[in-house]
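Engineer: Provided herewith is a single structure, encoded as structure tokens, for subsequent inquiry.
The values are calculated or read from the model by the stated rules, or taken from the named source; none is laboratory data. Please read all numbers here as calculations on a predicted model, not as lab measurements. Cβ sites come from the backbone with ideal geometry, for glycine too, and all protein chains shown count toward neighbours.
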Amino acid sequence: MNASWDLSRQEQLQLDSLFGVLSAEDEQELQQLNAITGEDYSGFDLVAGMVLMAHTPIESPPEGLLDVINRSAKKILPDPE
Amino acid sequence: MSLSILQRVSAGDESAIEECLSQYGGLVWSMARKICSDQVDAEDATQEIFIEIWKNADRYDPGLGSESTFISMIARRRLIDRLRKNSRALPTVSMEGEYSGGDSVPKDTLEISDEVGKALKCMEQLKPEERKVIELSICQHVPQTKIAEVLDLPLGTVKTHARRGMIRLRELLGLKPQKGSV
């Protein structure tokens, strides 16, 4: 497979952000670029999420935790249109 | 075509909240437990992540990836934010052998199991050094400077492995940015 190693400026900043090596100035630039393209998340964010999921053995949450979260959910749910 | 759980959440369907918790509660909890320092912190993080998921449910685009991938992405971002805010010591780095990948552990839904299988298969296609750097970086949250030190590699080489590995994985997994990047 011949992957292209070239990234746009926005993609490079997204990658740097993911690895936690973004300066405050770059962070600001990334936010501006994301605002221009309307991106909330990048393909790299999805990759990282998927990789972490694949390396996380699933455990059951403590009893009652999900009930507590469920009860508090109504406060933040959007009103049905 | 029926709506996904997140699409129903964004439409204000209360029953979808319970379904979301039931389907992804184990996944989110396990990710929180993996990264947070103790159980109480993981419980707080789990609640915070679900609130974030519901607030962002309208941003889920089924064309860009599965629900479990979207949820894992939000969970990871929120957990990393918490780690950075708290400036907490990162989890201990184990350099012994290859990462097991947790593939022998049963996953709680078929969709998650499928996604995990796909991700592990794609990871196997990376060069060993790219895979190692990504596993340490993404799964164990080790800073690149520390990876360079532990693997006895120049920092530039670590950055190259990380960059190439992520680009290859993005292609292999078919996960594209939302729109044309600039």
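Engineer: Which residues, counting only those in region B:28-45, are under 18 Å from A:His55 (Cα atoms) and facing chain A (nearest Cβ under 10 Å)?
Structural biologist: Selection gives B:Val28, B:Trp29, B:Ser30, B:Met31, B:Ala32, B:Arg33, B:Lys34, B:Ile35, B:Ala42.
Engineer: Got at least one residue in region A:29-50 being facing another protein chain (nearest Cβ under 8 Å), among the small types (Gly, Ala, Ser) and in contact with a Ser or Thr (Cβ under 7 Å, 6 or more places away or on another chain)?
Structural biologist: The first filter runs over region A:29-50 and keeps only residues facing another protein chain (nearest Cβ under 8 Å), leaving A:33, A:36-50.
In the following step, the residues that additionally are among the small types (Gly, Ala, Ser) were identified as A:38, A:42-43, A:48-49.
Now narrow it down to the ones that are in contact with a Ser or Thr (Cβ under 7 Å, 6 or more places away or on another chain): A:49.
Checked against the condition, which is being facing another protein chain (nearest Cβ under 8 Å), among the small types (Gly, Ala, Ser) and in contact with a Ser or Thr (Cβ under 7 Å, 6 or more places away or on another chain), region A:29-50 yields at least one hit.
Engineer: Name the residues in region A:20-29 that are at pLDDT 90 or above and either within 14 Å of B:Ile80 (Cβ to Cβ) or under 15 Å from the mean Cα position of the chain (by Cα) (or both), would you? Give the derivation first.
Structural biologist: To start, the set of residues in region A:20-29 that are at pLDDT 90 or above comprises A:23-29.
The answer is A:Glu27, and nothing else.
Engineer: Here's something else I'd like to know. Select the helices (runs of 4 or more DSSP H) contained entirely in region B:5-68, then report the ones holding at least 3 residues which are surrounded by fewer than 18 Cβ atoms within 10 Å (Cβ to Cβ) and not hydrophobic (A, V, I, L, M, F, W, C). Before the answer, list the steps.
Structural biologist: Numbers: elements: B:5-10, B:14-35, B:39-55.
Because the criterion is at least 3 residues that are surrounded by fewer than 18 Cβ atoms within 10 Å (Cβ to Cβ) and not hydrophobic (A, V, I, L, M, F, W, C), the helices (runs of 4 or more DSSP H) in region B:5-68 that meet it are B:14-35, B:39-55.
Engineer: Quick one: would you say B:Arg84 is outside any loop (DSSP other than H, G, I, E, B), basic (Lys, Arg), out of contact with any Leu (no Cβ under 6 Å at 6 or more places or on another chain) and at pLDDT 90 or above?
Structural biologist: no
Engineer: Does region B:90-116 hold any residues that are more than 8 Å from chain A (Cβ to nearest Cβ), at pLDDT 50 or above and over 18 Å from A:Phe19 (Cβ atoms), and which are they?
Structural biologist: Within region B:90-116, B:Thr92, B:Ser94, B:Thr109, B:Leu110, B:Glu111, B:Ser113, B:Asp114 meet the criteria.
Engineer: Here is a list of conditions, (1) within 14 Å of B:His141 (Cα to Cα); (2) more than 10 Å from chain A (Cβ to nearest Cβ), and B:Leu79 meets all of them except one; can you say which number that is?
Structural biologist: Of (1) within 14 Å of B:His141 (Cα to Cα); (2) more than 10 Å from chain A (Cβ to nearest Cβ), only one is false for B:Leu79: (2).
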